[in-house]
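Take a look at the structure below.
The values are calculated or read from the model by the stated rules, or taken from the named source; none is laboratory data. What you are looking at is a predicted structure, and each value in this text was computed from that prediction instead of being measured. Here the Cβ is made from the backbone with ideal geometry for all residues, glycine too, and neighbour counts use every protein chain on show.
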Amino acid sequence: MSRSRAVVLAVVAACSKAPVAPDAVPTADAPATVSIDILAFNDFHGALEPSPVGTGGAAFLAAKVASLRTPNTLVLAAGDMIGASPLVSGLFHDEPTIDVMNAIGLDYAAVGNHEFDEGTAELLRMQHGGCHPVDGCAPGTTFTGATFGYLAANVVDTTTGHTVLPAYAIREIAGVKLAIVGMTLVGTPATTLASGISELTFADEVDTMTALLPELRAAGANIVVLALHQGGGQLGDPDQCVSPGGPVFDIADRLDPAVAVVLAGHSHTTFNCTRGGGRLVTSAGVNGQFLTHVTLEIDVATQAVVSATAHNVPITDDVAPDPVVAGIVTQYHDLAAPIGDRVIGTITADLAGGSAAGELVMGDVIADAMLDGTTAQVAVMNRGGVRAPLLFARSGNEPVDGQVTYAEAFKVQPFNNLVETVTAPTSSSRSTTGLGSCPPRSRA
Ligand SMILES: [Zn+2]
């Protein structure tokens, strides 16, 4: 719907309800509708540098955000900004990614399951700053924490009875009050080490949203944007919505109509869907390879959404990289290089891809390595724990073809999980679990 068409509809809607007094007619100083833009991404996972095929990269993501930003723009994220990160971020407990998100101008981020990978105290350090209690700060750096606000509406600290981080934020933009609510999936405990979240409960997403609405409305916010770290999928191109399915759609369809937009995550998929009532449900893939650009046209008088559209914009090197963000990435790359650039092995072909049934070549190699390093008879590696392939031919500043660096190997398995050998209780044979204290499970 065009902007002019939206304005006409808004005026008609107002007139159909009640006669409009002459002095209430919108003027050039008080437009009938305002356009609010949301730039959103999810599951960044510390991907500061572009992928081997040139997609993503924090400096290009920052440049794209800057090019699309208007005075009425919110920049939002739907969880897993940190955790399962490459060495350039993971080596420094993801402080580099927080620094980069600050430079991008991120406003709010929902927590995802991976925000809890190093426990609640560490997540709160990401928000508030301070050096790591064991490893300190990276040489030559201080860490002041996120300038954006983490939101966790459904994550309750059982010792206090309160959410571990704010549930929502309300922003007034051009005369419109928007509520931004952030949540992670209720199933977060099934994907996260129990020791890090023992004092937390994760509540049902729909129940949480329903309970919040009176408070949001009392604060004057009748339009809600929900950043929800829960996912789904569809069969079309990244900007399409072909045969969509998955838990985020089941949740979205049960939400109050006040929720105009659901920014999804967790599944590392792309979709741009419009559900019943015109509600948008979108997801921007993984690793900053896409940016979802949402435009809401809002009737100022009624505080109602007149139209809502979205596009998934690919992040490539078609823009000049943001120099500030590029500088942060280079700083940490250079700090990590003495460890990351060490050659720890060689390969003669790509360790990539897999079968239609889901078996991964890289997963087979990891399981074989477990067998080689233990006395086990069976080794198991879960698919979700394999985070990257190893490629024979590399580009950019990577070394000679076939050489595998520590940074590349780290990217394959960045979880700091250990191989654990156990004896199966019902027989004398032995088996090995691949994820230490984590049973095989999805790690999106
Ligand atoms: Zn996730």
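Out of PRO238, PRO244, PRO257, report the one residue that is surrounded by fewer than 19 Cβ atoms within 10 Å (Cβ to Cβ), more than 15 Å from the chain's Cα centre (by Cα) and not hydrophobic (A, V, I, L, M, F, W, C).
Being surrounded by fewer than 19 Cβ atoms within 10 Å (Cβ to Cβ), more than 15 Å from the chain's Cα centre (by Cα) and not hydrophobic (A, V, I, L, M, F, W, C) holds for just one of PRO238, PRO244, PRO257, which is PRO257.
Assuming VAL412 fulfils every condition listed in (1) modelled with pLDDT under 85; (2) more than 16 Å from the ligand (Cβ to nearest atom) apart from one, which condition is it?
Here VAL412 clears every test but (1).
Taking segment 215-262 as the region of interest, how many residues are β-branched (Val, Ile, Thr), without any contact (Cβ under 8 Å) to a residue 40 or more places away in the chain and more than 16 Å from the ligand (Cβ to nearest atom)?
1
State all residues of segment 95-118 that are within 16 Å of the ligand (Cβ to nearest atom) and buried (at least 24 other Cβ atoms within 10 Å of the Cβ); if no residue qualifies, say none.
Passing the criteria: THR97, ALA109, ALA110, VAL111, GLY112, ASN113, HIS114, GLU115, PHE116, ASP117.
All but one of (1) touching a strand residue (DSSP E or B) at 6+ places or on another chain (Cβ under 9 Å); (2) away from the ligand (no atom under 16 Å from the Cβ); (3) farther than 24 Å from VAL300 by Cβ hold for GLY265; which doesn't?
Exception for GLY265: condition (2).
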